[in-house]
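Enquirer: There's a structure below that I have some questions on.
Any read-out appearing in this document is the output of simple, stated calculations on the displayed coordinates, not a laboratory observation. What you see is a predicted model; the values in this text were computed from it and never measured. Cβ sites come from the backbone with ideal geometry, for glycine too, and all protein chains shown count toward neighbours.
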Ligand SMILES: C[S@@+](CC[C@H](N)C(=O)[O-])C[C@H]1O[C@@H](n2cnc3c(N)ncnc32)[C@H](O)[C@@H]1O
């Protein structure tokens, strides 16, 4: 087995050609069934360069050599390509909008008062911060509705390790910056330097591995949050994913995107803006 060309004396270059990115994609597809082609090339090149620098590979050819020989590097690369930054109550004003304007009519959607069931999905849920924030919000403000409406919160992500962290539900302080002190005290318990979510909230959320690019695999839902995930996909794939989400929402169902994401292409015909500022859309 030949060693990849790694030269610790030279500053690594970040230059990655389209062909080299395609080769990296091929290695990820074979080794990890991971489809790199659905993500924006520029963004992926920047992320690959991070791994090239960490492994001190002189160029992309050397890095491809490393990927061919080292299965662990495939895992580390996939992890770097799928960005897992999240926070409890990220963009608090969006959660306030859900509380005051979105959730009450969704709970009332049933013919005789309260709906019989309400299904919520968080696509690209990272370590669970977003679905657990929803669970806390429901527990805090919709106790009566929860008793009468079978409510499920389902979090999916492509990354198995991140989902395992979600199931553990233990967080560093920085993930809770937006959580008011009172809420912290009520729903988290200190565990060494970290904060652990109480079982009552953990039990409200179910997690499963899923690829949002594999349209057709999402569960039917009344409310979908897909925030800060779509942005990494190419425009045609964003459109395909948004149409896939439209397919699983009933008329009146709600989709929430991230602050820097928006409706694209054909999908615009299937959603009406409910709050442009918070990127909340209603399925028409
Ligand atoms: C930046 S985080 C967003 C977390 C959360 N939604 C939020 O807004 O705080 C993006 C998440 O999308 C996940 N992701 C990336 N590609 C994905 C895919 N093809 N299918 C499902 N999840 C994906 C990543 O693993 C990561 O956890």
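Enquirer: Any residue that is under 23 Å from the mean Cα position of the chain (by Cα) and either within 12 Å of the ligand (Cβ to nearest atom) or part of a loop (DSSP other than H, G, I, E, B) (or both) - is there at least one of those in region 52-65?
Expert: No, the conditions are met nowhere in region 52-65.
Enquirer: Within region 136-166, how many residues turn out to be more than 22 Å from residue 250 (Cβ to Cβ), away from the ligand (no atom under 11 Å from the Cβ) and surrounded by 20 or more Cβ atoms within 10 Å (Cβ to Cβ)?
Expert: Within region 136-166, residues that are more than 22 Å from residue 250 (Cβ to Cβ), away from the ligand (no atom under 11 Å from the Cβ) and surrounded by 20 or more Cβ atoms within 10 Å (Cβ to Cβ) number 1.
Enquirer: Also, quick follow-up: Among the candidates 273, 236, single out the residue that is assigned to a strand (DSSP E or B) and farther than 27 Å from residue 146 by Cβ.
Expert: Result of the check over 273, 236: 273.
Enquirer: Just a yes or no: is a residue in region 259-274 touching a helix residue (DSSP H, G or I) at 6+ places or on another chain (Cβ under 8 Å), touching a residue at least 24 places away in the same chain (Cβ under 8 Å) and under 21 Å from residue 206 (Cβ atoms)?
Expert: No: zero hits.
Enquirer: Going through 241, 201, 231, 245 one at a time, which residue ends up being assigned to a helix (DSSP H, G or I) and in contact with a strand residue (DSSP E or B) (Cβ under 6 Å, 6 or more places away or on another chain)?
Expert: Working: 241 fails: in contact with a strand residue (DSSP E or B) (Cβ under 6 Å, 6 or more places away or on another chain); 201 fails: in contact with a strand residue (DSSP E or B) (Cβ under 6 Å, 6 or more places away or on another chain); 231 fails: in contact with a strand residue (DSSP E or B) (Cβ under 6 Å, 6 or more places away or on another chain).
After applying the criteria, what remains is 245.
Enquirer: Kindly provide the set of residues from region 167-223 that are loosely packed, with under 15 Cβ neighbours inside 10 Å, within 30 Å of residue 243 (Cβ to Cβ) and away from the ligand (no atom under 16 Å from the Cβ), ordered by number.
Expert: Selection gives 220 alone.
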